[in-house]
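Engineer: Pasting in a structure now, in structure tokens, and then I'll have a few things to ask.
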Amino acid sequence: MKGQKGFTLIELIIVIAIIAILAAVAIPNYLGFRDRANIAAAKESLGSLRTALEVYRADTNYYPTGLNFTNGTPITPSYMDSSDWTKLLANVQSINGTINQNDYTITAVAKDRNSTTLTATPGGITP
């Protein structure tokens with residue numbers, strides 16, 4: 001059967017093996033990039049909330065109390081409106097915290113495979 005054109009079984013197996021190796025390397029890297037992007041989005045959203053709280057405190061000399069994290073009650077529209085809350089809640093799995101007149105601690109869980117917990121305080125955001 002000389003002169004026939006086509007690929008041998010060995011050649012096809014080698015090509016499939018190369019594709020499998022590339023996929024084995026690429027998929028974990030992609031998932032890692034996606035996780036880091038989700039954590040960064042959660043940090044950015046938490047940073048927006050932190051900024052709104054700090055601006056509120058600069059204007060009034062105390063932090064707002066009675067903030068409802070479940071339904072995203074805004075910090076008066078001039079500081080953080082409902083669209084900002086919508087973005088914040090879209091970037092995290094869950095969020096809760098405590099705010100009193102002099103201090104706050106807000107904990108959010110990012111939408112990554114490890115459910116990374118982020119904590120915002122007046123001192124900053126820690127992963």
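Since every read-out is calculated from the coordinates, none of them should be taken as a lab result. This is a predicted model, so every value here is computed, not measured. Because the Cβ atoms are built from the backbone with ideal geometry, glycine has one as well, and the counts that use them run over all protein chains shown.
Engineer: Tell me, yes or no, whether region 56-76 has at least one residue that is among the basic types (Lys, Arg), within 18 Å of the chain's Cα centre (by Cα) and closer than 24 Å to Thr126 by Cα. Walk me through it before giving the result.
Structural biologist: Step one: list which residues in region 56-76 are among the basic types (Lys, Arg), which gives 57.
Subset that is within 18 Å of the chain's Cα centre (by Cα): none.
No, because not a single residue in region 56-76 is among the basic types (Lys, Arg), within 18 Å of the chain's Cα centre (by Cα) and closer than 24 Å to Thr126 by Cα.
Engineer: Moving to a separate point now. Among the candidates Ile125, Ile95, which residue alone is within 12 Å of Ser45 (Cα to Cα), out of contact with any helix residue (DSSP H, G or I) (no Cβ under 6 Å at 6 or more places or on another chain) and touching a residue at least 24 places away in the same chain (Cβ under 8 Å)? Write out each step before concluding.
Structural biologist: Numbers: Ile125 fails: out of contact with any helix residue (DSSP H, G or I) (no Cβ under 6 Å at 6 or more places or on another chain).
Among Ile125, Ile95, only Ile95 is within 12 Å of Ser45 (Cα to Cα), out of contact with any helix residue (DSSP H, G or I) (no Cβ under 6 Å at 6 or more places or on another chain) and touching a residue at least 24 places away in the same chain (Cβ under 8 Å).
Engineer: From the list Asn29, Asn38, which one is without any contact (Cβ under 8 Å) to a residue 60 or more places away in the chain and under 27 Å from the mean Cα position of the chain (by Cα)? Spell out how you get there, then give the answer.
Structural biologist: Numbers: Asn38 fails: without any contact (Cβ under 8 Å) to a residue 60 or more places away in the chain.
Asn29 is the lone residue from the list that is without any contact (Cβ under 8 Å) to a residue 60 or more places away in the chain and under 27 Å from the mean Cα position of the chain (by Cα).
Engineer: With respect to Ile99, is the statement that it is farther than 29 Å from Leu31 by Cα and of a type in the set (Val, Ile, Thr) true? Steps first, please.
Structural biologist: Values: farther than 29 Å from Leu31 by Cα: yes; of a type in the set (Val, Ile, Thr): yes.
In short, yes.
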